[in-house]
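The values are calculated or read from the model by the stated rules, or taken from the named source; none is laboratory data. As the structure is a computational prediction, the values presented were derived from the model and not from experiment. With ideal geometry, Cβ positions are generated from the backbone for all residues, glycine too; neighbour counts draw on all protein chains shown. In case anyone asks, the SASA skips ligands and DNA or RNA and just uses the protein heavy atoms, side chains included. Shrake-Rupley method; radii C 1.70, N 1.55, O 1.52, S 1.80 Å.
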Amino acid sequence: MQDVPMMIQAMSGEEIQSRGITTLQDLSKHIGSLQITADGIGSNEIVFRGVSTGGGFLQDATAAVYLDDQPMSLGGLAPDIYPIDLQRIETLAGPQSTLFGADSQSGTVRYITNKPDTEEFSGTVAAEAGSFSEGDTSYNGEFTVNVPMSDNFAIRLSGFAREDAGFIDNVLSPTVQGGSDNSDMVEDDYNDVSWVGGRVAARWLLSDNWTADLSVHYQDIEADGFADVDPGIGDLKIAKYKPETREDEFVATSLVITGELDFANLVIAGSYYDRDTLYQHDTQTYASYFSYFGFGYDWGEDAKGYLVNDQNNESKSLEVRLTSAGENVDWTLGMFYSDLDETWDFKTYIDGYADSMGFYYLTTYYGFEIPASDAWWFSSQQTSRETLAVYGELDWNLTENLALLLGGRWYDVEKSIDYFVQKPEGLFQAVPSNNDIRGPQPNRKMDDDGFIPKIGLQYNITDDVMIYGVYSEGFRTGGVNRGRSDNGTFPVAYDSDTVENKELGIKAVLADNKIQANIAIYQMDWTDVQVELVDPSFRIGEPWQTIIANMDDASISGLDVDIIGKASENLELGFNLTWINENEVNAPPVPDARFEGGVAPVGLDAKPELPLFADHSYSLYAEYSFDASTMGIGADGYLRVQHSYTGESLNQIDDAPGIQPQET
């Protein structure tokens, strides 16, 4: 990887296990250019180099996750893939859209699995248990077995079960209005997480030149409670009035056929991905706030409630790729197709709402008869995205030491969205532009296409020292907003946004291979930045709705450093750093003649900082390895000390953001 002109950091399967990496948040503590914000297990916002506007449940991700050749990203729901039987994890910082397409706007995380071996039977079993002073007991068990069935066919099985103990106490607390409490919910260490799953892989050597790999990866995560705390109550304490849970289950199936042609190597990769997520959140504080509005929100004092989101994502993809490595020219040419569908049902409940005055006002008072329900809000959305792309890259050795990199990707995307709101459940809201009709909002569609270029130069000063310069682009596709109104401040459609990255770097191996040093500086211009926000037209009578809008441009500049050194045969030292010098977006006034002064209040400063990424973070470690056989243990041993630091960052892009605390 030292020969590739970009910042790539990789961890082997052994390193992943020894460092105790399970989630993407764990991984980010070892990668300076990567930061993760998680609402819970399996709900990750991946941010490389500060390219983020705060995430959300509508907009596409700015970074992608791959399991081998299979795309796994779904908006802000980047999965935590349990790291069972991995060859390595790669993190690719900077735009990767030429080869990996949309959602690789700022970087890509790749999980590379071990493949079945037709030559040798092997297997591993591992188990561990542990506890800490403020929590319960955790345990983990996993296995891998490789079975050659014949000279040309093998299967590889792996499985895991893990219990991460809770460490946050749900304590006794009165409701906001003081007339009730959460005595039925009090529990110590309530935020435990359970994992179970595995992978079945098969390899068939069709001939000397052709191979087929089939893989099915299954995973199920169940979480009780979330890792949020209330410092006003106490250390590692929270007050919840309704159960909070998260379930995340997926099956990822892929078939990859590789072969050698006379002029190139061919890869055909087909995949199917099906993921179900269900989460429930307590809304007692939220309900108390809304009760002051009265009318349809008149659900009495000390209301307790919760929200539930039930979501399914389904993805089918096909990629055909040709690669060739010659004496002076290496090239890649490929085609990619995907079909993504997402469906979710979102409901917000209030205990006893069907018997409240709020339910009466919204139904009987207006002459509507609907079944009694405690769901005072029900919204449902179905989206689809069909993508076709053609891409290529060319590495041309102009001289013995100088190489030219050229690349590009053409894409065409078709999107559609269906959406409706019932308030309460069973009573449709008015259709936009016609208050006399109640029903689902009209289906909306949009097409988007474009071309993404890449160009770079690489110069080998010596066999061990290389400098490079790269211009690359990353993008998110445009789309269309779901609509409760045709008269919003912002347009129904929004354009694609593009990150234009200019990067200079050096990659070196020094002191007889004892030191590896990689450094990159970059300047990124982010045009037509997509931001998820509330359309301000609700202030003048239009329905409240969250939308995606294009702001102006943003600028990000910074530095990445990754250094590994061998102080002795047994002692390894490592250090990585990311420093952001500039990370602001321009948010000019948004004209709307219906508002006083002709400008809509969108809740953004003129030049807000980009959120979810600290302006500096670093990690350093020292690891001493030794032969444990001298201690009567037939294995290798190691001692590792690590310190990671992530500075403060904003948690959203608006004029009153919260501060995400620094992490050490």
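Can you find even one residue in the stretch 265-272 that is open to solvent by 50 Å² or more (accessible area, probe 1.4 Å), touching an Asp or Glu at 6+ places or on another chain (Cβ under 6 Å) and modelled with pLDDT of 95 or more? Looking through the stretch 265-272, none of the residues is open to solvent by 50 Å² or more (accessible area, probe 1.4 Å), touching an Asp or Glu at 6+ places or on another chain (Cβ under 6 Å) and modelled with pLDDT of 95 or more. Please specify each residue of the stretch 44-63 satisfying the condition of being open to solvent by 20 Å² or more (accessible area, probe 1.4 Å), in a loop (DSSP other than H, G, I, E, B) and among the charged types (D, E, K, R). Of everything in the stretch 44-63, just one residue is open to solvent by 20 Å² or more (accessible area, probe 1.4 Å), in a loop (DSSP other than H, G, I, E, B) and among the charged types (D, E, K, R), namely Asp60. With respect to the conditions (1) surrounded by 17 or more Cβ atoms within 10 Å (Cβ to Cβ); (2) touching an Asp or Glu at 6+ places or on another chain (Cβ under 9 Å), Val329 falls short on a single one, namely (1).
Could you say whether any residue in the stretch 467-475 is farther than 25 Å from Glu393 by Cβ, part of a strand (DSSP E or B), among the aromatic types (Phe, Trp, Tyr) and free of Cβ contacts under 8 Å to residues at least 60 places away in the same chain? The answer is no, given that none of the residues of the stretch 467-475 is farther than 25 Å from Glu393 by Cβ, part of a strand (DSSP E or B), among the aromatic types (Phe, Trp, Tyr) and free of Cβ contacts under 8 Å to residues at least 60 places away in the same chain.
Is it the case, given these coordinates, that Tyr459 is under 29 Å from Gly296 (Cβ atoms) and assigned to a strand (DSSP E or B)? For Tyr459, the condition - under 29 Å from Gly296 (Cβ atoms) and assigned to a strand (DSSP E or B) - is not met.
Taken over the stretch 259-312, the residue count meeting the criterion of being among the hydroxyl-bearing types (Ser, Thr, Tyr) and in a loop (DSSP other than H, G, I, E, B) is 2. Among the residues making up the stretch 108-123, those that are surrounded by 12 or more Cβ atoms within 10 Å (Cβ to Cβ) and either part of a loop (DSSP other than H, G, I, E, B) or more than 29 Å from the chain's Cα centre (by Cα) (or both) are Asn114, Lys115, Pro116, Asp117, Thr118, Ser122, Gly123.
Taking the listed residues Asp248, Asp189, Asp213, the one that is farther than 19 Å from Gly135 by Cβ, buried (at least 17 other Cβ atoms within 10 Å of the Cβ) and either among the β-branched types (Val, Ile, Thr) or in contact with a Gly (Cβ under 9 Å, 6 or more places away or on another chain) (or both) is Asp248, with no other qualifying. Residues of the stretch 21-43 that are closer than 15 Å to Trp195 by Cα and assigned to a loop (DSSP other than H, G, I, E, B): Ile21, Thr22, Thr23, Ile41, Gly42. Here Gly334 clears all of (1) modelled with pLDDT under 95; (2) more than 24 Å from the chain's Cα centre (by Cα); (3) surrounded by 15 or more Cβ atoms within 10 Å (Cβ to Cβ) except the condition numbered (1).
Per-residue answers, yes or no, for (1) more than 30 Å from Pro453 (Cα to Cα); (2) out of contact with any helix residue (DSSP H, G or I) (no Cβ under 7 Å at 6 or more places or on another chain):
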| residue | (1), (2) |
| --- | --- |
| Tyr365 | yes, yes |
| Leu394 | no, yes |
| Tyr411 | no, yes |
| Leu427 | yes, no |
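Pairs meeting the criteria (first residue in the stretch 294-316 and under 30 Å from Leu74 (Cα atoms) and touching a residue at least 12 places away in the same chain (Cβ under 8 Å), second residue part of a loop (DSSP other than H, G, I, E, B) and open to solvent by 30 Å² or more (accessible area, probe 1.4 Å), beta carbons under 8 Å, at least 6 apart or on different chains) are Gly305/Lys242; Gly305/Asp351; Tyr306/Lys242; Tyr306/Pro243.
Against the conditions (1) open to solvent by less than 50 Å² (accessible area, probe 1.4 Å); (2) out of contact with any Phe, Trp or Tyr (no Cβ under 9 Å at 6 or more places or on another chain); (3) more than 30 Å from Gly101 (Cβ to Cβ); (4) β-branched (Val, Ile, Thr), Thr364 satisfies every one except (1). For the stretch 540-569, taking the residues that are within 23 Å of Gln381 (Cα to Cα) and either of a type in the set (Lys, Arg) or touching a helix residue (DSSP H, G or I) at 6+ places or on another chain (Cβ under 8 Å) (or both), the one that is least open to solvent (accessible area, probe 1.4 Å) is identified as Gln545. Determine the pairs where a residue that is in contact (Cβ under 8 Å) with a residue 60 or more places away in the chain, located within the stretch 249-276, has a partner that is in a strand (DSSP E or B) and of a type in the set (Asp, Glu) with Cβ atoms under 6 Å apart, the partner being 6 or more residues away or on another chain. Short answer, once both residue conditions are applied: Val256/Asp213; Ala269/Glu319. Residues that are within 30 Å of Ser324 (Cα to Cα) number at least 3 in the following strands (runs of 3 or more DSSP E) confined to the stretch 338-439: 375-397, 402-422. All of (1) at pLDDT 95 or above; (2) under 25 Å from Leu58 (Cα atoms); (3) out of contact with any helix residue (DSSP H, G or I) (no Cβ under 9 Å at 6 or more places or on another chain) hold for Ala520 with one exception: (2).
Once the stretch 593-633 is narrowed to residues that are in a helix (DSSP H, G or I) and of a type in the set (A, V, I, L, M), the residue that is modelled with the lowest pLDDT is Met631. Taken over the stretch 124-141, residues that are open to solvent by 50 Å² or more (accessible area, probe 1.4 Å), in a strand (DSSP E or B) and not hydrophobic (A, V, I, L, M, F, W, C) amount to 5. Filter the stretch 634-664 down to the residues that are over 19 Å from Leu571 (Cβ atoms) and of a type in the set (D, E, K, R), then identify the one that is modelled with the highest pLDDT. By that ranking, first place goes to Glu648.
Set side by side, the residues Ala102, Ala165, Ala78 differ, and just one is modelled with pLDDT under 95, touching a helix residue (DSSP H, G or I) at 6+ places or on another chain (Cβ under 8 Å) and aliphatic (A, V, I, L, M), which is Ala78. Considered as a group, the residues in the stretch 1-20 that are in a strand (DSSP E or B) and not aliphatic (A, V, I, L, M) include one that is nearest to Asn401 (Cα to Cα), and that residue is Gln9. Exactly one residue out of Gly259, Gly296 is open to solvent by less than 60 Å² (accessible area, probe 1.4 Å) and within 29 Å of Asp151 (Cβ to Cβ), and it is Gly259. State all residues of the stretch 577-592 that are of a type outside the set (D, E, K, R) and in a strand (DSSP E or B); if no residue qualifies, say none. Within the stretch 577-592, Leu577, Thr578, Trp579, Ile580, Asn581, Asn583, Val585, Val590, Pro591 meet the criteria.
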